[in-house]
Amino acid sequence: MGLVDFCFSGADLSNEITLIFVTDLKPSQVVARKYNPTSQTYATITEAVISQTTYQNKAALQVKYSIRDNGPLDTNPITGEVADPIGLGLADVAVPNTGISK
């Protein structure tokens, strides 16, 4: 369904991330997927919580999860800087977990 590649400075050791994806899909139909551009691998973020919401009066999904600065989801090795490409994938598609690695 596409990736959101975001970054931010001034990261704490642990940071709660909330993303909104405008879609008619239901939470049971999707999974949060992490992409690592360095290793070109994908993995499901199993601790992500996906719930229904609205955004500008449109159906949407909200994805919440935590990311640790320099942890396995952070692709930026600089302390205090976080980069995290993430997207939603369809849950019924048999996509492999190729791993989260740096």
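The values are calculated or read from the model by the stated rules, or taken from the named source; none is laboratory data. None of the values given here were measured: they were computed from a predicted structure. FYI the Cβ positions are ideal-geometry reconstructions off the backbone, even for glycines, and counts take in every protein chain you see.
Among the residues of segment 12-34, which ones are under 10 Å from Tyr65 (Cβ atoms) and among the hydrophobic types (A, V, I, L, M, F, W, C)?
Taking segment 12-34 and keeping what is under 10 Å from Tyr65 (Cβ atoms), we get 15-19, 32, 34.
Of everything in segment 12-34, those that are under 10 Å from Tyr65 (Cβ atoms) and among the hydrophobic types (A, V, I, L, M, F, W, C) turn out to be Ile17, Leu19, Ala32.
Does at least one position in segment 31-45 carry a residue that is over 16 Å from the mean Cα position of the chain (by Cα) and modelled with pLDDT of 90 or more?
no
Can we say Val49 is at pLDDT below 95 and among the β-branched types (Val, Ile, Thr)? Explain how you work it out, then say what you get.
Details: at pLDDT below 95: no; among the β-branched types (Val, Ile, Thr): yes.
No; evaluated as a whole, the condition is false for this residue.
Taking segment 1-50 on its own, how many of its residues are surrounded by fewer than 19 Cβ atoms within 10 Å (Cβ to Cβ), without any contact (Cβ under 8 Å) to a residue 40 or more places away in the chain and not polar (S, T, N, Q)?
6
Six or more apart or on different chains, Cβ under 6 Å: which pairs go from a residue in segment 61-75 that's under 14 Å from Ala48 (Cβ atoms) to one that's among the acidic types (Asp, Glu) and not in a loop (DSSP other than H, G, I, E, B)? Could you list them?
Ser66/Glu16; Ile67/Asp84; Leu73/Asp84
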